[in-house]
Amino acid sequence: MTPASPVDSPALPALPHWEIPPADLKAATREIKAALRARIAASGRTVEEVFAVIEARVAERVDEIVAEKARGETVWPVIDYADIEAGTVPARELARLRRRGCAIIRGHFPREQAVGWDRDIVDYVESNHFFDDYRGPGDDFFGSVGSTPEIYPVYWSRAQMQARQSDRMARVQAFLNGQWRSESEGVQWFDPGRDSLYPDRIRRRPPGADSGGLGTHLDPGSLDLWMTEGYQQAFRHLFDGTVEQYDPWDAAHRTAGTQYAGSTMCSAFRTFQGWTALSDMDHDQGVLHTVPIPEAMGYLMLRPLLADVPDDDMCGVAVNQAFPANEKWHPLLMRAVTGIPDVQAGDSAWWHCDMVHGVDPVVDQQGWGNVMYIPAAPWCPRNESYAATVREAFRSGSSPDDFPAEHYERTWPDRFTIDDLNDTGRRGLGLN
Ligand SMILES: [Fe+2]
């Protein structure tokens, strides 16, 4: 059964769509903006009115966040891993997780285990002469952070795979996936209880480091968010006169559609992006910040349709670049930028996949700043298809398809092997 979707509604004009990047981006931008405006108008509302609905929702959250900060409160929800395991997360914290779209999981792993993993990673790269062989940043995004390898393009260490296939990780991922609506319109969009083990890198930033940080941006896509059929359906409520029903936790139409390729693209559908801390990190040492408002995605999607943005411009969004959020087009959102609290090795940080985030700059960093990136990427058609490429990369020790083709680990003898997989690992790679 094809799910009924307002995008298919004969009452509203259809949207043009491009399943690969259009050759003439500016012309396509003009075309899609005109079509989106016409569709909103045909629903009986104006773009300004629809935007004002989202703006009011977001502004209410911004005011809450500004007030919490003024009272010296921790804006990021903090949830004890023990409560997730016992099923006793307080209702207030659950509500805050949904409201803020992000959380720190305290004690996700025992501190000694995380510190041990950090040491194992150092042994792994040093014994394989990584620093002698390092050829410089392999991509044009994290490459801007600096020329020393703070981001290790290493995917298959025992430490990373042990964390990815651990019961503790699976439990937290299932808990986070459960904040989303995985089933709607008669379709199960993803399986909240099965992760696809999305392999990502490691960051190890040493004491004394200076870092320019990363500007505020978001990662779910670029112009494809407006231009592909799947995303047009995912964001249907913003464009069909039912903006009040826009729900950032609805996975409908998000787990199978096409995406525009690019060096910053993530092929997987992630409910949350995340990392696990491998060192203690204080809140003022160049750490992660977010705009902790999931609904802000609606604001970012509608903002380019207002009259002050040139017709061939989507507020600076371009293919093959991270989606920028900034003071010029989104000053309301920038008032809510909020960094994480102090974390310890073994804590993890998570943020809704659509949320604006960045990394603060730091000068003469105190202590290490070490994380392994492990998101929640539940099993769904998109992730199943990417898992096929992950399996091959895992077997050969290659860099996964979403990352630069650096392949440092192919000749490293002590990487994690197929015999080391447990049931979670096998299921995550689609080997069962
Ligand atoms: Fe990012």
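Averaging the sequence gap over all C-alpha pairs within less than 8 Å and six or more residues apart, then dividing by the number of residues, gives the chain a relative contact order of 27 percent.
Protein heavy-atom accessible surface, 1.4 Å probe, per residue over region 263-324: 25 Å². Given the C-alpha centroids of region 96-128 and region 239-291, what is the distance between them in whole angstrom? Region 96-128 and region 239-291 have Cα centres separated by 19 Å.
Just the protein heavy atoms count here, and of the accessible area of the chain at 1.4 Å, carbon and sulfur take up 50 percent. The modelled label-to-label distance for the pair E392/A82, using points 7 Å beyond Cα in the direction of Cβ, is 4.7 nm.
Remark: accessible surface ordering of T389, T29 (largest first) is T389, T29, probe radius 1.4 Å. Loop-resident trypsin sites (Lys or Arg not before Pro) (DSSP state other than H, G, I, E or B) in region 1-108 with no more than 13 further Cβ atoms inside 10 Å of their Cβ: R71. Starting from a Cα-only point model with no solvent, please compute log10 I(q)/I(0) by Debye for the chain at q = 0.09 1/Å. Here the Debye-derived log intensity ratios amount to -0.56.
Taking all protein chains together, V58, V53 sort by accessible area into V53, V58, largest first [probe 1.4 Å]. Whats the longest run of the chain with zero GluC sites (Glu not before Pro) that are DSSP loop and have at most 16 other Cβ atoms within 10 Å? In the chain, the maximal stretch lacking such sites is 186-326.
The values are calculated or read from the model by the stated rules, or taken from the named source; none is laboratory data. Just so it is clear, the structure is predicted and the values come from calculations on it, not from any experiment. Neighbour counts run over all protein chains shown; Cβ positions are idealised from the backbone, glycine included. What goes into the accessible areas is simple: the full protein's heavy atoms, side chains included, and nothing from ligands, DNA or RNA. Shrake-Rupley method; radii C 1.70, N 1.55, O 1.52, S 1.80 Å.
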